[in-house]
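K.L.:
One structure, as structure tokens, below. Some questions next.
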Amino acid sequence: MKIINIPYKISLDKNYLKEYFKKIIKQNNMRGMYYIKIYYDDNRTVIEIIKKDMDYYELEDEIDMNIIINKNSFLYEVDNIVPNIENIIYKDKIYIKENDINLVEFTKIKYKNTENIIEYGKRVKYLI
């Protein structure tokens, strides 16, 4: 696995992103077909780079990519109800919308398909 530094704010223009990721892929001596999925909200961004195995690209020194951009809400899965904030219970799991620095190591980020959790989850707030 390679760690790649990405500037805090980058343009979400697909042409810009295509050139940007092509440059990163070339710098790391990679080639082939890639699916780049970008999930973002106003404060966070998660980028998945998935290589598609295709024999054609392994023989050539080419790079091709499909970029998918999704604006959505981020949630954090927790093991127990967190006091003094809104918790969402959905399919026997507990989620919170905002994560603070004290909880960060105890949560798991959820950034795909969060719409159903937000819409159909039961909201609970335990006050101390």
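Throughout, read-outs are computed from the coordinates displayed, never taken from laboratory work. Fair warning: this is a prediction, and the values are worked out from it, not measured in the lab. Please note: Cβ atoms are built from the backbone with ideal geometry, for glycine as well, and neighbour counts cover all protein chains shown.
K.L.:
If you take the beta carbon distance between LYS14 and LYS97 as r and set R0 to 25 Å, what does 1/(1 + (r/R0)^6) give as a FRET efficiency, to the nearest 0.05?
P.N.:
0.30
K.L.:
From the phi of every residue in segment 109-120, what ³J(HN,Hα) in whole Hz does the Karplus formula 6.51 cos²θ - 1.76 cosθ + 1.60 yield, where θ is phi - 60° and glycine or proline is x?
P.N.:
6, 10, 10, 9, 6, 7, 4, 5, 4, 5, 6, 9
K.L.:
For each of VAL82, VAL46, count neighbouring Cβ atoms within 10 Å of the residue's Cβ, then give the residues from fewest to most.
P.N.:
By the 10 Å Cβ count, ascending: VAL46, VAL82.
K.L.:
Over all distinct alpha-carbon pairs, what is the Kirkwood Rh of segment 75-125 in angstrom?
P.N.:
Taking the inverse mean of 1/r over all distinct Cα pairs, segment 75-125 comes out at 10.9 Å.
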